[in-house]
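K.L.:
Here you go, one structure.
The values are calculated or read from the model by the stated rules, or taken from the named source; none is laboratory data. Since the model is a prediction, treat every value here as computed from it, not as a measurement. Cβ: placed from backbone, ideal geometry, glycine included. Neighbour counts: every protein chain shown.
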Amino acid sequence: MMRMKETLRQSGKSSRRSAFTLLEVVIAVAVLLGSITALFQLMNHGHRASVQAQFRTQAVMLVDTKLNEAVAGVLTLQSTTDEESEDYPGWLWSMSVDDAGIEGLLQVTVTAHRDGDTTVSAHEYSATRFVRDPQIFLDAALGGGS
């Protein structure tokens, strides 16, 4: 009889299922949702960084191109404001030509920014280069020939 009671007690313990409690399920779901949220935020941050890098690269290339054109004489060395870029749609560029304080030297600054961008500082780039004044060479050539 005693053995039968022991057997019933043991069989009762072994027939009990091990299952997740409601608290464990809630915690697991919360961890899963937190992980998914963190992954989406990382993906969003990566995408924004990619777009910023692309804009920065376009601005640098536009400014460098315009400075090189100015030095080569393709562009006239005169100040301009908000010219549309043919090579980079959506970009505007400006050129400022000032006296560098040394005879025969000009300070040329080119700035590029996105057209219609309200946060210009985020998508703006400037570069400055010192250039010999081409007018001095023209005057010398014209004066030397007469």
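K.L.:
Which residue, of 81, 76, is modelled with pLDDT under 90 and outside any helix (DSSP H, G or I)? Can you show your working first?
P.N.:
Working: 81 fails: modelled with pLDDT under 90.
Going through 81, 76 in turn, the sole match is 76.
K.L.:
Quick check on region 119-136. Is at least one of its residues part of a loop (DSSP other than H, G, I, E, B) and not polar (S, T, N, Q)? Steps first, please.
P.N.:
Our first condition is that a residue be part of a loop (DSSP other than H, G, I, E, B); within region 119-136, this holds for 119, 133.
Filter once more, keeping what is not polar (S, T, N, Q): 133.
Taking every residue of region 119-136 in turn, at least one turns out to be part of a loop (DSSP other than H, G, I, E, B) and not polar (S, T, N, Q).
K.L.:
Sticking with this one: Note down all Cβ pairs under 8 Å where the first residue falls in region 88-102 and is touching a residue at least 12 places away in the same chain (Cβ under 8 Å) and more than 22 Å from residue 55 (Cα to Cα), the second is in a loop (DSSP other than H, G, I, E, B) and aromatic (Phe, Trp, Tyr), and they're at least six residues apart or on different chains.
P.N.:
Pairs that qualify, where the first residue is touching a residue at least 12 places away in the same chain (Cβ under 8 Å) and more than 22 Å from residue 55 (Cα to Cα) and the partner is in a loop (DSSP other than H, G, I, E, B) and aromatic (Phe, Trp, Tyr): there are none.
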